[in-house]
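> Below you will find the structure I want to go over with you.
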Amino acid sequence: MSESQTINQVCIIIGASHAGVNCAFALRKEGWEGQILVYDADPQLPYHRPPLSKGYLVSNEGFERNLLMPPEAYDRQRIILKLGTRVKSINRTIKSITLEDHSIQKYDKLILATGARPFIPAIPGIDQANNLFPMRTAQDALDIRNTFERIKTKRVLVIGGGYIGLETAASLRKLGAEVTLLERENRLLARVTAPEMSEYFRQLHTEKGVQIFTNKNVTAIQSKGEYNKVICDDQSIFKADMIVIGVGIRVNKALAEEAGLTVENGIKVDASARTSDQDIFAIGDCTYHFNPHYNCFLRLESVQNAVDQAKVAAAAISGKNPVYNTIPWFWSDQYDVKLQMVGLSNGYNQTIIRKEEGEGNRFSVWYFKDHTLLAVDAINNPKAYVLGTKFIKNQQKIDKSKLVDSSVAFKPQNLLVLQG
Amino acid sequence: MTKITFITSDNESITVEGHSGSVMQLAVQHGIKGIDGDCGGVCSCATCHVHVAEDYFEKTGQAGDIEKDMLEFEDNVSEFSRLSCQLEINDSLDGLVLTVAK
Ligand SMILES: Cc1cc2nc3c(=O)[nH]c(=O)nc-3n(C[C@H](O)[C@H](O)[C@H](O)COP(=O)(O)OP(=O)(O)OC[C@H]3O[C@@H](n4cnc5c(N)ncnc54)[C@H](O)[C@@H]3O)c2cc1C
Ligand code: FES
């Protein structure tokens with residue numbers, strides 16, 4: 001599509017976070033000349049989410065550093081932000097959206113970047129709990145921070161031992177909280193990593209003074225005025241002045257569902273991020289998409305996926321034929337530990353753990369299905385992460401006996417099986 | 001204000017001004033092609049790789065340990081490679097010229 005063709009068109013993006021904002025800027029790079037309107041229910045200027053549970057919680061640097069883009073950048077690119085505005089419905093027949101005040105805005109192209117919201121389990125008493133917060137938005141992080149400063153006794157209970165729960169625990173610990181973390185499964189990060197990684201993080205947090213309990217299913221929360229009593233199914237009881245809940249997310253897919261788009265585990269899209277409607281695209285946490293490398297449909301919660309799908313959708317809208325084909329990657333920072341992950345470990349039948357010699361605790365977990373490398377988790381070990389990425393991308397065969405041997409230097413030529 | 005020039009893969013030369021934050025942020029704000037800054041500047045993605053013009057390398061200094069490890073196996077790494085999210089803007093960088101890595 002040439003630029004002159006798009007000049008009178010309107011592109012609406014619902015969701016102004018990693019996916020939506022990146023897509024707006026990518027559209028301009030691709031030459032979209034028409035209007036770009038980005039709606040978000042969140043009144044904040046769009047910001048990076050990952051730091052919320054990490055640096056933002058413990059730093060006094062202010063919010064500016066956390067913005068995805070400074071305000072001028074939107075003006076420069078003629079991207080119109082409609083913040084604090086919830087989109088209520090989509091009318092595909094007349095190609096319009098309806099806002100909460102019943103006003104209507106027409107679109108030529110529509111992009112759903114609605115992401116996800118925290119899942120709040122239906123635990124009896126949860127609605128009356130004191131100082132209970134999820135961790136998803138800037139407001140959540142601010143509330144957690146302010147409440148933490150206000151409360152006199154600082155017993156914090158984190159429910160959920162996934163990345164967000166662990167990062168929040170680490171940050172609050174840094175601020176001096178007395179932190180207890182409850183996990184329902186028998187190990188931390190059970191859904192996403194090998195047992196060795198779970199054990200590593202259990203030890204790390206325990207050393208830093210976080211009390212970790214696994215196999216704890218919370219069944220009731222009783223508000224006692226100043227504090228809460230949290231009761232588990234094994235009758236154990238924990239007292240908490242503040243509770244942070246990090247037990248996963250729910251995809252924001254109602255708009256898509258009500259509009260009759262195909263929705264499965266998320267909003268279903270093709271290789272160009274297009275939904276079952278030609279003129280509607282979906283990107284980021286809300287999508288259920290195909291990964292050619294791993295030959296499966298999946299939903300991802302990561303910045304990488306949000307940003308890469310944003311670029312794909314922008315290219316497709318600009319008349320190109322992009323194919324979304326990436327190796328997922330993710331990171332997490334806890335205390336001074338840097339975790340970097342690449343690939344998808346689903347379906348692995350062997351792990352190889354490589355510990356580096358020398359100072360610091362640097363190691364990596366390599367997930368294989370037979371001889372195929374699926375994924376790498378690297379602790380304080382960017383080299384393992386970078387090499388893992390290359391090996392997975394190029395589908396290279398690795399000599400496992402050399403990989404496990406830390407006296408063999410980390411170089412591609414040392415680790416690869418030579419193809420004769 | 002610190003002036004920084006980016007040379008993109010299309011050989012376009014773009015000079016922009018900033019006063020704080022990282023060089024990566026400045027590049028992203030100005031839509032410099034080839035600098036994505038996907039991880040937000042925590043040295044986790046290498047989508048902000050630049051080559052520092054030799055004359056300025058003394059001012060930017062060497063990469064840190066994590067940064068070095070991130071760069072070692074990058075395609076097109078050079079002895080003047082840096083991750084621009086690790087370069088803080090300050091007066092001493094005025095006039096800096098960076099080539100965006102391919
Ligand atoms: C605390 C925390 C830490 C994280 N750490 C990492 C990390 O280290 N690395 C990593 O890769 N990922 C991390 N993530 C995940 C990452 O932030 C998400 O994958 C990313 O934000 C997804 O972007 P998105 O734009 O698809 O969706 P979201 O960020 O969920 O944004 C969707 C937006 O749509 C808006 N919206 C939804 N429905 C409507 C509507 N009807 N009308 C108007 N607006 C609407 C919402 O208000 C929201 O702002 C973290 C997430 C959190 C919460
Ligand atoms: S922005 Fe990710 S490494 Fe620089």
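> Using only atoms on other chains, find how many Cβ atoms lie within 10 Å of each Cβ of peptide A:376-385 and report the average. Don't skip to the end; give the middle numbers.
Values: counts 0, 0, 1, 0, 3, 2, 12, 7, 1, 5.
The per-residue average across the peptide is 3.
> Then there is this: With no solvent and one equal point scatterer placed on each C-alpha of region A:206-262, evaluate the Debye formula and give log10 I(q)/I(0) for q = 0.12, 0.15, 0.18, 0.20 Å⁻¹, two decimals.
The computed values of log10 I(q)/I(0) come out as -0.50, -0.64, -0.75, -0.84.
> In addition: Under the √(5λ) rule applied to the eigenvalues of the Cα gyration tensor, what semi-axes describe the equivalent ellipsoid of region A:1-91? Give them in Å, descending.
Listed largest to smallest, the semi-axes of region A:1-91 are 27, 15, 10 Å.
> Report the rotationally averaged projected area of region A:126-247 based on its alpha-carbon convex hull, in square nanometres.
On the way: hull surface 28.0 nm².
For region A:126-247, averaging the hull's shadow over all directions gives 7.0 nm².
> Using only atoms on other chains, find how many Cβ atoms lie within 10 Å of each Cβ of peptide A:80-86 and report the average.
Other-chain Cβ atoms within 10 Å of each residue's Cβ, averaged: 0.
> Using the Kirkwood formula on the Cα atoms of region A:26-179, what hydrodynamic radius do you get, in angstrom to one decimal?
Averaging 1/r across every pair of different Cα atoms and inverting gives 18.3 Å.
> Hey, what did region A:126-247 get for relative contact order, percent, Cα under 8 Å, at least 6 apart?
Relative contact order here is 36 percent.
> Also, I was wondering about something else. Summing -39500 (n - 2.57) over the DSSP H runs of n ≥ 4 in the protein assembly as shown and dividing by its residue number, what mean residue ellipticity at 222 nm do you reach, to the nearest 500 deg cm²/dmol?
Taken over the protein assembly as shown, the calculation gives -6500 deg cm²/dmol.
> If you bin every alpha carbon distance in the protein assembly as shown into 10 Å steps from zero, what whole percent lands in each bin?
Taking every Cα pair in the protein assembly as shown, the percentages come to 4, 17, 26, 28, 19, 6, 1, 0.
> Expected output is a single nm value to one decimal: the length gained when fully extending between A:E61 and A:R28, i.e. 0.36 nm times separation in residues minus the C-alpha distance. What is it?
Length gained, A:E61 through A:R28: 8.8 nm.
> Another question, then. Mind checking the alpha-carbon convex hull of chain B and giving the volume per residue in Å³?
Per residue, the Cα convex hull of chain B comes to 85 Å³.
> Quick one: net charge around A:L300, please, counting Lys, Arg +1 and Asp, Glu -1 for every other residue with C-beta under 11 Å from its C-beta.
Net of charged neighbours comes to -2.
> Let me ask something else. Take region A:206-318, compute every pairwise Cα distance, and split them into 5 Å bins from 0; I just need the percent in each bin.
Whole-percent P(r) values from 0 Å outward: 2, 10, 16, 15, 11, 7, 9, 11, 10, 7, 2, 0.
> Indicate, rounded to the nearest 5 percent, the antiparallel portion of the DSSP beta bridges found entirely in region B:2-100. Before the final figure, lay out the partial values.
Numbers: 13 of 17 bridges.
Of all bridge pairs located within region B:2-100, approximately 75 percent are antiparallel.
> Something else about it: Short version: ³J(HN,Hα) in whole Hz for each residue of region A:281-291, in order, from phi by Karplus 6.51 cos²θ - 1.76 cosθ + 1.60 (θ = phi - 60°), x for Gly and Pro, what are they?
After applying 6.51 cos²θ - 1.76 cosθ + 1.60, I find 10, 9, 9, x, 3, 7, 9, 10, 10, 9, 10 Hz.
> Between B:E12 and A:Q128, what's the calculated FRET efficiency when r is the beta-carbon distance and R0 is 51 Å? Round to 0.05. Working shown, then result.
Details: r = 59 Å, r/R0 = 1.17.
The computed FRET efficiency comes out at 0.30.
> I want the antiparallel fraction of DSSP beta bridges within the protein assembly as shown, as a percent rounded to 5.
Here the share of antiparallel DSSP bridges comes out near 65 percent.
> Report the extension gain between A:N8 and A:L99 in nm, rounded to one decimal, defined as 0.36 nm multiplied by the number of residues separating them, less their alpha carbon distance.
Difference between extended and current length: 30.6 nm.
> Follow-up. Can you tell me, using C-alpha contacts under 8 Å and at least 6 residues apart, the relative contact order of chain A as a whole percent?
Over chain A, the number comes to 14 percent.
> Here is a follow-up. After finding the eigenvalues of the alpha carbon gyration tensor for region A:336-415, what semi-axes result from the square roots of 5 times each, listed largest first in whole Å?
On the way: eigenvalues 66, 42, 25 Å².
Ellipsoid semi-axes (Å, largest first): 18, 14, 11.
> If you build a Gaussian network model of chain A, linking Cα atoms that sit under 10 Å apart, which residue out of A:R92, A:R274, A:R65 swings the most?
With Cα springs under 10 Å in chain A, the top fluctuation among A:R92, A:R274, A:R65 is at A:R65.
> GNM, chain A, Cα, under 10 Å: largest mean-square fluctuation among A:I13, A:I280, A:I126?
A:I126
> Next up: Of A:K29/A:K109; A:K109/A:K320; A:K54/A:K208; A:K54/A:K393; A:K109/A:K268; A:K369/A:K402, which pairs sit farther than 20 Å apart, going by alpha carbon to alpha carbon?
A:K54/A:K393
> Nearest 0.05, what FRET efficiency do A:N295 and A:A190 give at R0 = 30 Å with Cβ-Cβ as r?
Efficiency computed from Cβ-Cβ geometry: 0.75.
> Can you tell me the FRET efficiency between B:S78 and A:V323 if r is taken as the Cβ-Cβ distance and R0 is 25 Å, rounded to the nearest 0.05? Spell out each step's value before the answer.
Values: r = 31 Å, r/R0 = 1.23.
Given R0 = 25 Å and the Cβ-Cβ separation, E is 0.20.
> Just tell me how shielded B:66-74 is by partners: mean number of partner chain Cβ atoms within 10 Å of each residue's Cβ, no decimals. Please list the in-between numbers first.
Numbers: counts 6, 1, 2, 10, 5, 3, 6, 10, 2.
Mean inter-chain Cβ contacts per residue within 10 Å come to 5.
No value in this document is a laboratory result; all are computed from the given coordinates. Just so it is clear, the structure is predicted and the values come from calculations on it, not from any experiment. FYI the Cβ positions are ideal-geometry reconstructions off the backbone, even for glycines, and counts take in every protein chain you see.
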